[in-house]
1. Name, by its number, the condition in (1) touching a Lys or Arg at 6+ places or on another chain (Cβ under 7 Å); (2) without any contact (Cβ under 8 Å) to a residue 12 or more places away in the chain that does not hold for Ala66.
2. If I ask for residues that are exposed (fewer than 15 other Cβ atoms within 10 Å of the Cβ) and either assigned to a strand (DSSP E or B) or among the β-branched types (Val, Ile, Thr) (or both), which ones from the stretch 141-153 would you list?
3. Can you name the residue in the stretch 28-49 that is outside any loop (DSSP other than H, G, I, E, B) and open to solvent by 70 Å² or more (accessible area, probe 1.4 Å) and is also nearest to Glu77 (Cα to Cα) among such residues?
4. So Glu92 clears everything in (1) of a type in the set (Asp, Glu); (2) touching a residue at least 24 places away in the same chain (Cβ under 8 Å); (3) over 16 Å from Arg30 (Cα atoms) except one condition, right? Which one?
5. Out of (1) closer than 21 Å to Ala154 by Cβ; (2) touching a Ser or Thr at 6+ places or on another chain (Cβ under 8 Å); (3) open to solvent by less than 10 Å² (accessible area, probe 1.4 Å), the odd one out for Met17 is which?
6. Among the residues of the stretch 112-127, write down those that are farther than 25 Å from Arg68 by Cα and of a type outside the set (D, E, K, R).
Amino acid sequence: PPGAPPQGRRPVPDAVMGAEISALDGTTFRFSDFGGKVVVLNLWATWCNPCRREIPHLVELNREYAGRVEFVGLTTEDRANTEQKVRDFVREYKMDYRVGFSGAPLALALMQDRTNIPQVFVIRDGQIFYRFIGFNPQISPPRLREAIETTLKAGA
């Protein structure tokens, strides 16, 4: 069903952990910068209707878990052709967490064989604890909250 994570942890691909990611604000970052922090990574695009329904929930969770969980939204779109559209989208949806451009190699390394978006990954210490593909408004938000709580406790 939509939102159901696969069982078991798997490592974040090395190509993703070490990649320098271009943020919308002009800075760069790497997932290796987050150390032991829980990271909720969302792969999305401005044209994706399920993404448009999911992002308000992520904004709410980001506020709820401020200081305890790092939220990152990576658009799968090409920066050169969509930067202003992404900026407008981020402003419209009040995305108050780190937003960047994944680039095709990074997105494909994360998605592996399932290239549908949105996808949400709950990551800690270089391990993907949970992966959610798609969005269902009744199922996805409580499952993601449960995944965040479980991952926070795993590191306690």
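The values are calculated or read from the model by the stated rules, or taken from the named source; none is laboratory data. All values derive from a computational prediction rather than experimental measurement. Please note: Cβ atoms are built from the backbone with ideal geometry, for glycine as well, and neighbour counts cover all protein chains shown. Keep in mind that these areas ignore ligands, DNA and RNA; they rest on the heavy atoms of the full protein, side chains included. Shrake-Rupley method; radii C 1.70, N 1.55, O 1.52, S 1.80 Å.
1. (1)
2. Result: Thr150, single match.
3. Within the stretch 28-49, the match that is nearest to Glu77 (Cα to Cα) is Asn49.
4. Checking Glu92 against (1) of a type in the set (Asp, Glu); (2) touching a residue at least 24 places away in the same chain (Cβ under 8 Å); (3) over 16 Å from Arg30 (Cα atoms), the one that fails is (2).
5. Of everything listed in (1) closer than 21 Å to Ala154 by Cβ; (2) touching a Ser or Thr at 6+ places or on another chain (Cβ under 8 Å); (3) open to solvent by less than 10 Å² (accessible area, probe 1.4 Å), Met17 misses just condition (3).
6. Correct list: Gln112, Thr115, Asn116, Ile117.
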